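First up is the structure itself, then whatever we jot down about it.
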C-alpha cells in the first residue's frame with residue numbers, strides 16, 4: 001500500500017528570537033524534509049487563522065498557557081473557551097494530529113490552577129504524541145492526567161552549543177564585564193521573574209559576601225514592580241551587579257565564560273532552558289533539586305537544594321569543589337542529548 005507522508009508542520013506559538021531552542025528545532029526539522037511554519041498567539045482565534053493560512057498536516061504546540069491565561073479571570077475564561085473550541089476544530093473538523101512539548105505543567109504565575117488543570121487535561125488527551133524532557137515528568141503527567149505512556153516521548157533539546165558562539169575564555173570575558181580575574185563569580189542568567197527565586201539568591205549571597213566574590217544578575221524583566229523590589233534588596237552591595245536587559249546572542253558567551261558557577265534558584269520548575277544553556281557552556285549549576293534534575297545531574301547533587309534556606313550552603317560549597325571537572329561532565333551531558341529523536345514525533349503517514 002502506498003503511503004503519503006505528512007510533511008507540513010505548523011508550530012504554535014512563535015517563541016521569538018529570545019528562545020532559540022524553537023528555532024533550532026525548526027531548522028533541524030527543515031533539514032530532514034519537513035516544511036515548517038510559525039503561528040502567533042497575539043489575538044483571539046489565532047490558531048484558526050494560522051491553520052487557515054498555512055494548511056498544515058501536523059500541529060505542534062510548545063506552551064499553551066498563553067492561549068488560555070489572560071490578564072484577569074473574565075479574560076481567561078474567554079480565551080480558554082476559544083482555545084477549547086479551536087482544539088475541537090483541529091481534531092473533529094480538520095482531523096489534524098496534534099504534537100506537544102510539556103515545558104511546565106502549571107503556568108509560572110500560578111493563576112487559576114484548577115481551571116488550567118482541567119483544560120490542560122482536555123488538551124493532552126487530544127494530543128497524538130507528547131514530548132517531555134525527563135522520565136520523571138513522563139511518570140508525573142501519565143499519572144496526573146491519565147495518559148497512555150506509549151504516546152509520551154522523552155526527548156531533550158538540541159544542545160545550545162550548536163547555536164551560541166563560544167570563542168572567548170575566562171580572562172577575556174572577565175575583562176569585558178569588568179570582573180577581577182581572581183574573583184569568584186556567580187551568575188544568574190535569564191528573564192527576571194518571581195518564580196525564579198531571585199530574592200532568595202540575593203539574600204543568600206549577601207549573607208556570605210566576601211571581598212573577592214561577585215554575583216551578576218543578567219536578564220530582562222517585564223515586571224517593573226518586581227525588579228524594583230529586587231534592586232532595593234541589592235542597594236549598597238557593590239558585589240551584586242545588574243545587567244537588567246536582554247542579552248544579545250553574541251554576548252551570551254561572555255557571561256557564562258566569565259562565571260565560575262551558574263545559579264538558577266527556582267521555586268518551582270519542570271524544565272529549564274537556562275539549565276541546558278549552562279550545561280552547554282560547561283558550567284556547574286546550583287538549582288532546585290527535583291527528580292528530573294537529580295537524574296540529569298547526579299554527579300553534582302551537592303549543588304542542588306530542596307529548600308531556599310539550603311541555597312546559602314550550596315553557594316559556599318561551590319567555592320570548594322572541582323568546578324572544572326563538574327563543568328566538563330555537564331557539557332558531556334548536554335552533548336549526549338537524544339535530540340535526533342525529535343523526528344519520531346513528526347514521522348507520520350496516511351494511506
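Bear in mind that the values in this text are calculations on the coordinates, not laboratory data. These numbers were taken from a predicted model, which means no experiment stands behind them. Quick reminder, even Gly has a Cβ in these numbers, built from the backbone with ideal geometry, and neighbours come from all protein chains shown.
Numbers for the structure displayed
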| read-out | value |
| --- | --- |
| Distance between region 49-80 and region 281-296 - C-alpha centres, whole angstrom | 31 |
| Whole-angstrom gap from region 18-41 to region 311-351, using each part's C-alpha centre | 21 |
| DSSP beta bridges in region 23-159 [antiparallel fraction, %, rounded to 5] | 0 |
| The chain: most fluctuating residue of 66, 327, 39 per GNM, C-alpha cutoff 10 Å | 66 |
| Whether region 4-154 is rounded, prolate or oblate, judged on the alpha carbon gyration tensor where a/c under 1.5 counts as rounded | rounded |
| Among 330, 244, 53, residue whose mean-square fluctuation peaks in a GNM of the chain (springs only between Cα atoms under 10 Å) | 53 |
| Most fluctuating residue given options 154, 78, 275, as computed from a GNM of the chain linking Cα atoms under 10 Å | 78 |
| DSSP beta bridge pairing in the chain, given as percent antiparallel to the nearest 5 | 5 |
| Computed [θ] at 222 nm, deg cm²/dmol, the chain (DSSP H ≥ 4; -39,500 (n - 2.57); rounded to nearest 500) | -11500 deg cm²/dmol |
| Region 76-225: equivalent-ellipsoid semi-axes (sqrt of 5 x gyration tensor eigenvalues, Cα, Å) | 41, 20, 15 |
| Sequence-separation-based contact order of the chain, relative, with Cα cut under 8 Å and 6+ spacing, percent | 17 |
| Footprinting exposure proxy for 133, 48 (fewest neighbouring C-beta atoms within 10 Å first) | 48, 133 |
| Average Cα contact separation per residue, region 166-305, under 8 Å, 6 or more apart, as relative contact order % | 29 |
| Protection-proxy order for peptides 295-302, 184-191, 245-252, each taking the mean of Cβ atoms within 10 Å per residue, highest first | 184-191, 295-302, 245-252 |
| Label of the coordinate-derived value, Cα extents along the principal axes in Å, listed as [x] 61, 42, 37; [y] 89, 37, 29; [z] 69, 45, 35 | [z] |
| Anisotropy class of region 163-335 from Cα gyration tensor, a/c 1.5 cut | rounded |
| Alpha-carbon centroid distance for the pair region 108-150 / region 240-274, whole angstrom | 28 |
